[in-house]
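The values are calculated or read from the model by the stated rules, or taken from the named source; none is laboratory data. Computed from a prediction, not measured in an experiment: that's the story for all the values here. Heads up, the Cβs are rebuilt from the backbone with ideal geometry, glycines too, and the neighbour counts pull from every protein chain shown.
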Amino acid sequence: MKALIFDLDGTLVDTVYAHVIAWQQALAEAGMFIEGRRLHRLIGMSGDLFTRSATLELDRDISLSESKAIQDRHGKLFSKLLPEPRLLPGARELMRFLREKSIPFGIATSGRRPEINPALDKLGLGPDAVVVERREVAHGKPEPDLFEACRQLLDVRAEESFVVGDAVWDLLAARRAGMLGIGMMSGGYGEDELNKAGAFRVYKDPADLRRSLDELGMLHS
């Protein structure tokens, strides 16, 4: 039985640009001014790797306490900017379809509870849903830990698993986990960028993926 493992931000929920603005403001408040376009290319990394990579753009070291403070501030700013998550086209319908067809799926996100709870609720995912968040693994993306943990909970083999993500970091982590990566253009990366990062297929959004499940062999498993 094949399974789908989904990233959350930019893949199922339209949150990428709100995250960029929140990160930019949190960093600016800490005296670090970074262009939004550079921050966008880091979205999808876990918070600790994000702050480290962002400060490397400025050739500056950052302490663990500074990193944590910036991450906490980002979380508060993000909640104010986007108090109610906006689902990407077809996201809730895709989740419902997978349940109806008994296709195993889970969520593996660099986000953390309780920040991700509103998005999960809006997707119609109850307490029985398989969800792995950043605090549950040792390393965030682009390391494979999140996807590997989700795969284990779904009890499927790596070669039977597809990772669906909008960022190159998702696709890199999928490759490290020995899984095929599915690229989504809903987070701002272009088709060429996702293909170069190793995407097996690229789709516009969850609705497009829903229409294309047959070509992935999901409906014949």
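Considering every residue within segment 21-37, establish whether at least one is closer than 19 Å to GLU115 by Cβ and not in a helix (DSSP H, G or I).
no
Does ASP170 satisfy being in contact (Cβ under 8 Å) with a residue 24 or more places away in the chain, outside any loop (DSSP other than H, G, I, E, B) and within 23 Å of GLY90 (Cα to Cα)?
Taking the combined requirement at face value, the residue satisfies it.
Which members of segment 33-51 meet the condition of being modelled with pLDDT of 80 or more and either touching an Asp or Glu at 6+ places or on another chain (Cβ under 9 Å) or acidic (Asp, Glu) (or both)? I'd like the intermediate steps shown before the answer.
Within segment 33-51, the subset modelled with pLDDT of 80 or more is 33-43, 50-51.
Matches in segment 33-51: ILE34, GLU35, ARG38, LEU39, LEU42, ILE43, THR51.
Say we look at segment 173-205 and pick out the residues that are within 12 Å of the chain's Cα centre (by Cα) and over 20 Å from GLU215 (Cβ atoms); which of these is surrounded by the fewest Cβ atoms within 10 Å (Cβ to Cβ)?
The residue in question is GLY187.
Helices (runs of 4 or more DSSP H) wholly in segment 47-137 with at least 3 residues that are within 28 Å of MET1 (Cα to Cα) and out of contact with any Cys (no Cβ under 8 Å at 6 or more places or on another chain) - which ones?
Details: elements: 47-56, 64-81, 91-100, 117-122.
Qualifying helices (runs of 4 or more DSSP H): 91-100, 117-122.
Determine which member of the set ARG112, ARG157 is within 23 Å of VAL20 (Cβ to Cβ), of a type outside the set (Phe, Trp, Tyr) and out of contact with any Pro (no Cβ under 6 Å at 6 or more places or on another chain).
On the way: ARG157 fails: within 23 Å of VAL20 (Cβ to Cβ).
Within the list ARG112, ARG157, the selection yields ARG112.
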